[in-house]
Amino acid sequence: DAGITQSPRHKVTETGTPVTLRCHQTENHRYMYWYRQDPGHGLRLIHYSYGVKDTDKGEVSDGYSVSRSKTEDFLLTLESATSSQTSVYFCAISGPQETQYFGPGTRLLVL
Amino acid sequence: KQEVTQIPAALSVPEGENLVLNCSFTDSAIYNLQWFRQDPGKGLTSLLLIQSSQREQTSGRLNASLDKSSGRSTLYIAASQPGDSATYLCAARGGGFKTIFGAGTRLFVKA
């Protein structure tokens, strides 16, 4: 299995509070992605990174920001969490062959 | 805008049966198509990736095909086993690293 960890694995927070999710990889892959998975919507891309300090928006980026200061870490921040951001968040990485490998996910509940 | 559809949404088969899962996409300008399995409450596990220049890929009892001109991919599972029970997702990668996922096919293999 690809070396991808996500932290925290579970989080409960209140509306309006900031939340940061961390994705850490040990594969030295260039590309990293954040997805959310919701019933009825499937998996949707939030943001992705194609290198240190190089990021771009996905299809559902509103309300989210990301940062990548090191190859191994990709952070997803919800500046002011809303109930609509309750979801399961997955980080993924891909290397030169472009196969995407997924982390175990973070379950976020915004009350 | 790319749309990915998977049919059927759910499938129940007896152990030992060969089966085909279908994935269709609306924009044939894809770079690759990837198949994943997801077990309940878990992350995604990569099964097969087909580059746009390829017609099929095989891994063990799995064979995935790609027909860009018709916007279709199939995942063939031979001699199904109860351990194959999971949700199977296909994902089409287009320009800008944007990957669009289908909603998945839930497979149940009865012993």
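Computed from the coordinates by the stated procedures, all read-outs in this text should not be read as laboratory data. Model, not experiment: these values are computed from the prediction. Here Cβ is always computed from backbone atoms with ideal geometry, including for glycine, and neighbour counts include all displayed protein chains.
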Checklist entry - When all C-alpha to C-alpha distances in the range B:48-102 are sorted into bins of 5 Å, what percent of pairs does each bin hold, rounded to whole numbers? => result 4, 16, 26, 26, 16, 9, 3, 1
Checklist outcome for this item: Per DSSP, the loop-located trypsin sites (Lys or Arg not before Pro) within the range A:1-84 having at most 12 other beta carbons within 10 Å are A:Arg9, A:Lys53
Next on the checklist: Pairs of alpha-carbon atoms within less than 8 angstrom and 6+ residues apart define the contacts here; what relative contact order does chain B have, in percent?
Outcome noted: 37 percent
Checklist entry - So what's the gap between the Cα centers of the range A:17-54 and the range A:65-111, to the nearest angstrom? => result 3 Å
Checklist outcome for this item: Of all stretches in chain B that avoid trypsin sites (Lys or Arg not before Pro) placed in a DSSP loop and having at most 13 other Cβ atoms within 10 Å, the longest is B:62-111
Next on the checklist: Using Cβ contacts closer than 10 Å as the measure, can you line up B:Ser59, A:Ser61 from fewest to most?
Outcome noted: B:Ser59, A:Ser61
Checklist outcome for this item: Karplus ³J(HN,Hα) for the range B:36-51 (6.51 cos²θ - 1.76 cosθ + 1.60, θ = phi - 60°; Hz, whole; x = Gly/Pro) runs 10, 10, 9, 8, x, x, 10, x, 8, 10, 5, 9, 8, 10, 10, 6
Next on the checklist: Tell me the volume per residue, in Å³, of the convex hull enclosing the alpha carbons of chain A.
Outcome noted: 92 Å³
Checklist entry - How large is ³J(HN,Hα), in whole Hz, for each residue of the range B:84-101 in order, when computed from phi with the Karplus curve 6.51 cos²θ - 1.76 cosθ + 1.60 and θ = phi - 60°, using x for Gly and Pro? => result 7, 4, 4, 9, 10, 10, 10, 9, 9, 9, x, x, x, 6, 8, 10, 10, 9
Next on the checklist: Taking beta carbons within 10 Å but only from partner chains, what does the mean come to for residues A:58-69?
Outcome noted: 1
Checklist entry - For the protein assembly as shown, how big is Rg over Rh, using alpha carbon atoms and the Kirkwood form of Rh? => result 0.97
Item to check | Over chain B, volume per residue of the alpha carbon convex hull, in Å³ | outcome: 92 Å³
Item to check | Relative contact order computed over the range A:17-111 (Cα-Cα under 8 Å; 6+ residues apart), in percent | outcome: 32 percent
